[in-house]
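The values are calculated or read from the model by the stated rules, or taken from the named source; none is laboratory data. This is a predicted model, so every value here is computed, not measured. Counting neighbours? That spans all protein chains shown, and the Cβs are built from the backbone with ideal geometry, glycine included.
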Amino acid sequence: MHTQRAHAEQVIAAGCHYLLVVKRNQKKLRKQLRHLPWRQIPLLARTIGAGHSRREVRV
């Protein structure tokens, strides 16, 4: 619902931080994201937890 260009532009204009969910049907965006230098970004935090009968790792 919120992975829309107009919504992202509004959030950026307000100076906010956000995360966008990118689904598999957004092929062009997923391709662009795959080519970003992810390994160069330092890992600042990692949490491990459990909820709803599954293990969650957040980095």
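Results, tabulated for the structure shown:
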quantity	calculated
When residues of region 26-37 are limited to those that are surrounded by 10 or more Cβ atoms within 10 Å (Cβ to Cβ) and of a type in the set (A, V, I, L, M, F, W, C), the one modelled with the highest pLDDT	33
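Per-residue answers, yes or no, for (1) part of a helix (DSSP H, G or I); (2) surrounded by 10 or more Cβ atoms within 10 Å (Cβ to Cβ); (3) touching a residue at least 60 places away in the same chain (Cβ under 8 Å):
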| site | (1), (2), (3) |
| --- | --- |
| 12 | yes, yes, no |
| 24 | no, no, no |
| 39 | yes, no, no |
| 48 | no, no, no |
